[in-house]
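Everything below concerns the one structure shown next.
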Amino acid sequence: MTSLELARWQFGITTLYHFIFVPLTIGLAFFTAYAQTRWYRTDDEKWKKATRFWGKLMLISFALGVATGIVQEFQFGMNWSDYSRFVGDVFGAPLAMEGLAAFFVESTFLGLWLFGWGRLSKKVHLATIWMVSGSTILSAYFILAANSWMQHPVGYEMVDGKAQLTSIWAVLGNSTALYAFAHTILASLLTGGMVIAGISAWHLLRNSHTDVFKGSLRMVVPVLAVAGVTTIGVGHFNGVLMSEQQPMKMAAADAVFDTTEGAGLSLFAVGSMESNPEGLERNIEIPNLLSFVMTGFPRSEVQGINDLNAEYRERFGPGEYAPIVAVAYWSWRTMLGIGFALALLAVIAWWLLRKERLERSTKLLKATMWMAPLPFIASFAGWIFTEMGRQPWSVFGLLRTSDSVSPTVSSAEVWISLVGFTLLYGVLAVIAGRIFFRIAGKGPPDEDPDEDSENAHFGLAY
Amino acid sequence: MEEFTTLQLIWFILISVLWIGYFVLEGFDFGVGILMKTLGRDENEKRAILHSIGPVWDGNEVWLIVAGGATFAAFPEWYATLFSGFYLALFVILVALIVRNVGFEFWGKRDSKAWRNGWEWCILIGSAVPALLWGVAWANIIGGTPINAEADFTGNFFDLLSAYALLGGLATLTVFFAHGAIFLTMRTKGAVSARAGKVARVAIVPAVAVTAVWLAWTLSRHDPLEIPSLILAVLAVVALGTAAVLVRRTVWQAFAATTVAIVMFFSSIFTYLFPNTMISSTDSAFDMTLNFSSSSEYTLTVMTVVAVLLVPLVLVYQGWTYWVFRHRISAEDFGDVKTPVDLLDKRKREGGDGKNGDTGTGQQPARP
């Protein structure tokens, strides 16, 4: 394999791995803060237990997220130096802001929260966990603004063959970024919430620590229902926007080859995995639904891959401008399918909660437990769609991925780092996974240390 | 054309400050990480050593992330050349930092000697390797590496391992080790502190010697002599020498001295590098100037506003963290506590009801 292909594999593997922990940490930090607020307000022991229990799981996710996050930042320069030279003037700014505005707050206040049990006043201690939660959300904004610029470049001009920033407000206020942010944060609440709901369901089915887990389940279910439905809603508008900004990605998502009016939404199709196959072999579709999904009107036109390719060849010169259609098609469907399934589950759960039947509904608890890992798969699919659907571009319309790679880093060097990171990440996944499930399975300890003692962080910290 | 603008100068200084902040803060984390396995004789002592940096090491590491991000934003060419050029060295540093970070988090998660032992090795190696390699990296940055007209690094990993660069690495390793030993002496009580003090008194000697030799070597490589660099280098060595004396008397003063030494050491390096960001050993015409490396004036202006607003704030709340956790840690604090349940047992055995522990700096307001 060439160093380009290897660098792409490495970026894909390390980024998806990192993104296990991103939404989980954002979600768990929020619900830990939420639980601690309930404890602060009610002084009820069960909320203290919930805070410490979910906080402990959040810490594991956080540690791995931080450890793998440094790789993300270094990787742009290490593997994608020509990309970095090209975009640095624009792309570096939100990255640096993320560090200054979010990472410093996040890491410092997490230390204060973790070691501050019994040392800080209750009010200040509660404030520290909200600072952690807020800064995880803020960091998502900056990195998504940076990524959105790759999807839809704004606020720049070309100077000497490089992108140069002309308006930071355009970059930070990029319509793509605003939708991506809402979509990602809602999905993160869904991820963290489903993990909490799944673990709570497991314990409730075994009648262990029912007070803590009943409370936790009731805490997350309304949020899950609202987040589940709005994630889909925001995702829809995200899709409409993408049809305007990156029509090729949307065409690939539905394997529309020829421009069609009143296009149907394909449910299941079979075709070749080539980047631009001639067409599909089999296709089951719902008439007019795709046109409606993409534009809001059932009769409107959907541009096809072949027509877009012809248009782009005129604009950008000869070449292939379609992503791997099958990847875009199936990743998009996976994300949507899971999104709808989770929203349905959460709405039913909320309805049962309001009828006071939630904890007794064994079927629903079991379904929640088994569906808890699905948000991770949906996130993976969503990012695979977003990033692979943009190919052959690294910055849409401006810079090709093949022109982004570090020219003097050899494929031997990338092999070493690719194998090294993959092995290391694999080993850590096994170890962290076992610890996570052991702690999750054990439940909160029967007695926590006295919260006024200066050793109250025991059992949470090292 | 001028070699640099005012904003470029400001950002060169700011990035120097971020790197220096990183080395001062993570420097003692590295030292403590190296010492943890051998200095702590039992689990409680090791836990005390971990807790001496527990609340702060993560925040300290963010200085590196921000230094990297700021370099990307302000000097993209520098970021691109440096990070792609030092590819394998940075890969090794990343792996080391990852195993060290998860080592801190996982060490206490299982009650097994083999488990803890494994993570102690991870913490030791994960601390020692970056402490060495950061020095190697900076020696190469100022010493010059093969860089072509397109600002791309054309050498390989082994080109980075010259005697000069390795000695630079040895300088940072010995300095961070001594810095960490002094920090541990200052932050702990009892047997751990006493043992760390003994280590510190010995460790500071090679730190002074190696640093002095390497800085002299560095300055001798440049003709004419770089006077500002020379002054800062002398101050670094003097500060280390002072620390060697003070470590036998007042430990916090010794810590202040090693802190000053690290600031001076890297200030000397950055002054030496200025007004370039990378030196080409292929042809001095390919040296990368600030002007060549930098972002546009607009981007630098935006980033200056952000930095002016946020950096003071960062210093305030990070400073506050150090204040909150200023108490010295003793292995006896942990007693035979392994789990929270043991803690309650212990308090009951001691005749307390679990409510009359010394609350330290915790202020408990009346709650509604």
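The values are calculated or read from the model by the stated rules, or taken from the named source; none is laboratory data. Owing to the predicted nature of the structure, the values given are computational and were not obtained by experimental measurement. Here Cβ is always computed from backbone atoms with ideal geometry, including for glycine, and neighbour counts include all displayed protein chains.
Odds and ends about this structure:
- Where residue A:28 falls short, out of the listed (1) surrounded by fewer than 23 Cβ atoms within 10 Å (Cβ to Cβ); (2) part of a helix (DSSP H, G or I); (3) not charged (D, E, K, R): (1)
- Residue in region B:160-173 that is over 15 Å from residue B:136 (Cβ atoms), of a type in the set (Ser, Thr, Tyr) and either in contact with a strand residue (DSSP E or B) (Cβ under 7 Å, 6 or more places away or on another chain) or assigned to a helix (DSSP H, G or I) (or both) present: no
- Qualifying positions in region B:51-89 - of a type in the set (A, V, I, L, M), surrounded by fewer than 24 Cβ atoms within 10 Å (Cβ to Cβ) and either farther than 18 Å from residue B:138 by Cα or facing chain A (nearest Cβ under 7 Å) (or both): B:56, B:88
- Single residue of A:15, A:2, A:32, A:51 found to be away from chain B (no Cβ under 13 Å), under 21 Å from residue A:177 (Cβ atoms) and not basic (Lys, Arg): A:15
- Residue match in region B:125-139 (condition: buried (at least 24 other Cβ atoms within 10 Å of the Cβ), within 11 Å of another protein chain (Cβ to nearest Cβ) and closer than 23 Å to residue B:229 by Cα): no
- For region A:115-130, residues that are facing chain B (nearest Cβ under 7 Å) and hydrophobic (A, V, I, L, M, F, W, C) total 2.
- Tally of residues being part of a loop (DSSP other than H, G, I, E, B), in contact with a strand residue (DSSP E or B) (Cβ under 8 Å, 6 or more places away or on another chain) and polar (S, T, N, Q) across region A:388-418: 2
- Selection status of residue A:148, within 13 Å of chain B (Cβ to nearest Cβ), among the polar types (S, T, N, Q), touching a residue at least 12 places away in the same chain (Cβ under 8 Å) and under 27 Å from residue A:186 (Cβ atoms): no
- Checking B:93, B:20 one by one, the residue that is modelled with pLDDT of 95 or more, touching a Pro at 6+ places or on another chain (Cβ under 7 Å) and either more than 8 Å from chain A (Cβ to nearest Cβ) or over 24 Å from residue B:279 (Cβ atoms) (or both) is B:93 and no other.
- Long-range neighbours under 8 Å by Cβ, at least six apart or interchain, first residue free of Cβ contacts under 8 Å to residues at least 40 places away in the same chain within region B:295-321, second among the charged types (D, E, K, R): B:296/A:89
- Within region B:242-252, the set of residues being assigned to a helix (DSSP H, G or I) and surrounded by fewer than 16 Cβ atoms within 10 Å (Cβ to Cβ) comprises B:245, B:252.
- Residues in region A:331-347 that are buried (at least 17 other Cβ atoms within 10 Å of the Cβ) and of a type outside the set (Lys, Arg): A:331, A:332, A:334, A:335, A:336, A:338, A:339, A:342, A:343, A:345, A:346.
- Considering region A:140-247, the qualifying helices (runs of 4 or more DSSP H), each wholly inside and each with 3 or more residues that are among the small types (Gly, Ala, Ser), run over A:175-205, A:210-245.
- The set of residues in region B:100-111 being of a type outside the set (Lys, Arg), surrounded by fewer than 24 Cβ atoms within 10 Å (Cβ to Cβ) and more than 7 Å from chain A (Cβ to nearest Cβ) consists of B:111 alone.
- Pair list, Cβ under 9 Å, 6 or more apart: region A:72-100 residue on the phi < 0 side of the Ramachandran plot and more than 7 Å from chain B (Cβ to nearest Cβ), other residue in a helix (DSSP H, G or I) and among the basic types (Lys, Arg): A:79/A:8
Every residue, every condition in (1) farther than 12 Å from residue B:92 by Cα; (2) assigned to a helix (DSSP H, G or I), yes or no:
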{"position": "B:116", "(1), (2)": "yes, yes"}
{"position": "B:120", "(1), (2)": "yes, yes"}
{"position": "B:124", "(1), (2)": "yes, yes"}
{"position": "B:128", "(1), (2)": "no, yes"}
{"position": "B:135", "(1), (2)": "yes, yes"}
{"position": "B:142", "(1), (2)": "yes, yes"}
{"position": "B:150", "(1), (2)": "yes, no"}
{"position": "B:158", "(1), (2)": "yes, yes"}
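This table checks each residue for (1) away from every other protein chain (no Cβ under 14 Å); (2) farther than 30 Å from residue B:82 by Cβ; (3) in a helix (DSSP H, G or I).
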residue: A:378; (1), (2), (3): yes, yes, yes
residue: A:420; (1), (2), (3): no, no, yes
residue: A:431; (1), (2), (3): no, yes, yes
residue: A:435; (1), (2), (3): no, yes, yes
residue: A:440; (1), (2), (3): no, yes, yes
residue: A:445; (1), (2), (3): no, yes, no
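- Those residues of region A:107-157 which are touching a Pro at 6+ places or on another chain (Cβ under 6 Å) and either modelled with pLDDT of 95 or more or closer than 27 Å to residue A:170 by Cα (or both), in sequence order: A:142, A:145, A:146
- Here residue A:25 fulfils each of the conditions (1) modelled with pLDDT under 95; (2) under 20 Å from the mean Cα position of the chain (by Cα) apart from (1).
- Residue in region B:328-338 that is more than 9 Å from every other protein chain (Cβ to nearest Cβ), exposed (fewer than 13 other Cβ atoms within 10 Å of the Cβ) and either modelled with pLDDT under 50 or not in a helix (DSSP H, G or I) (or both) present: yes
- Considering residues of region A:349-363 that are farther than 17 Å from residue A:222 by Cα and basic (Lys, Arg) only, the residue surrounded by the most Cβ atoms within 10 Å (Cβ to Cβ): A:360
- Among the conditions (1) more than 8 Å from chain B (Cβ to nearest Cβ); (2) closer than 23 Å to residue B:307 by Cα; (3) out of contact with any helix residue (DSSP H, G or I) (no Cβ under 6 Å at 6 or more places or on another chain), residue A:166 misses just one, which is (1).
- Residue check for residue A:106: part of a helix (DSSP H, G or I), among the charged types (D, E, K, R) and either farther than 20 Å from residue B:316 by Cβ or within 14 Å of chain B (Cβ to nearest Cβ) (or both): yes
- Restricting attention to region B:79-110, the residues that are part of a helix (DSSP H, G or I), farther than 29 Å from residue A:83 by Cβ and free of Cβ contacts under 8 Å to residues at least 12 places away in the same chain total 2.
- Residue within region B:283-297 that is more than 10 Å from chain A (Cβ to nearest Cβ), buried (at least 20 other Cβ atoms within 10 Å of the Cβ) and at pLDDT below 85 present: no
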